[in-house]
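Heads up: the structure comes next, in structure tokens.
The values are calculated or read from the model by the stated rules, or taken from the named source; none is laboratory data. The shown structure was predicted, so the numbers you read here are calculated from the model rather than taken from an experiment. Neighbour counts are summed over all protein chains in view; Cβ atoms, including those assigned to glycine, are modelled from backbone coordinates with ideal geometry.
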Amino acid sequence: MTATPCWPRVSRCRWCTRPVLRDNDGAWIHADLAYVCRDRSGGLAGTTAEPEAVARHAG
Ligand SMILES: [Zn+2]
């Protein structure tokens with residue numbers, strides 16, 4: 001119901017900023033179940049779902 005941005009299994013696509021999550025194989029996929037990004041006009045963007053930079057750096 002509520003779109004909580006702190007759900008750890010969901011990130012935002014670095015290319016199209018749409019929500020992405022992992023499928024059963026561990027691959028990133030958009031929340032609309034499309035691997036390929038789409039631009040605003042709905043055309044294929046040539047990139048696939050990839051989370052934006054995660055703060056993994058430990059210093
Ligand atoms: Zn995307």
Exercise. Applying the selection to the range 20-30, what residues are more than 9 Å from the ligand (Cβ to nearest atom) and closer than 15 Å to T47 by Cα?
Worked result: A27, I29
Problem set entry | Members of the range 43-56 that are more than 14 Å from the chain's Cα centre (by Cα) and modelled with pLDDT under 85 | A55, R56
For this session: Write out, first by first residue and then by second, each pair whose Cβ atoms fall under 6 Å of each other, whose residues are 6+ apart or on separate chains, and whose first residue, in the range 33-52, is over 12 Å from C13 (Cα atoms) and near the ligand (Cβ under 10 Å from one of its atoms) while the second is part of a strand (DSSP E or B) and not aliphatic (A, V, I, L, M).
Result: A45/C37; A45/R38
Seminar exercise, completed: (1) touching a strand residue (DSSP E or B) at 6+ places or on another chain (Cβ under 9 Å); (2) at pLDDT below 95; (3) near the ligand (Cβ under 10 Å from one of its atoms) all hold for T17 apart from (1)
